[in-house]
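None of the figures in this text is laboratory data; all of them are computed from the coordinates on show. Because the structure is a prediction, the values reported are computed rather than measured. Backbone-built Cβ (ideal geometry, glycine too); neighbour counts: all protein chains shown.
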Amino acid sequence: MAVILPNNAETTLATAINASETSLVVADGSVFPSLSAGQHFYATLVSTQGTLEIVKVTARSGNILTVTRGAE
């Protein structure tokens, strides 16, 4: 799989998530690249308490990111 680098793309989650969510709705998905088959990028989620989680984004459709949780 080819890694795509979105270079400092930033947005916020549009809805609350739990630890098992794999579809994340963001405020502005256009800041992230469109992905082709076999491509992915990594994103960092930061909670309001400052906890970090790196997720692997395998698809983007508008403002919805499909992710694998706990990627790193």
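Here are the numbers:
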{"item": "Relative contact order for the chain, counting Cα pairs under 8 Å that sit 6 or more residues apart, in percent", "result": "31"}
{"item": "J(HN,Hα) series, the stretch 51-67, from Karplus relation 6.51 cos²θ - 1.76 cosθ + 1.60, nearest Hz, glycine and proline x", "result": "6, 9, 9, 9, 10, 9, 8, 9, 7, 9, 10, x, 9, 10, 9, 9, 10"}
{"item": "Estimated Rh, the chain: Kirkwood, alpha-carbon pairs, angstrom", "result": "12.3"}
{"item": "Karplus 3J(HN,Hα) series, Hz, for the stretch 21-35 with 6.51 cos²θ - 1.76 cosθ + 1.60 (x for Gly, Pro)", "result": "4, 10, 10, 10, 9, 10, 5, 9, x, 5, 6, 9, x, 7, 10"}
{"item": "For a label point 7 Å along the Cα-to-beta-carbon line of ILE64, residues of the stretch 1-45 with backbone N under 13 Å", "result": "22-26"}
{"item": "Given charges at beta-carbon only (K, R positive; D, E negative), |dipole| of the chain in Debye", "result": "140"}
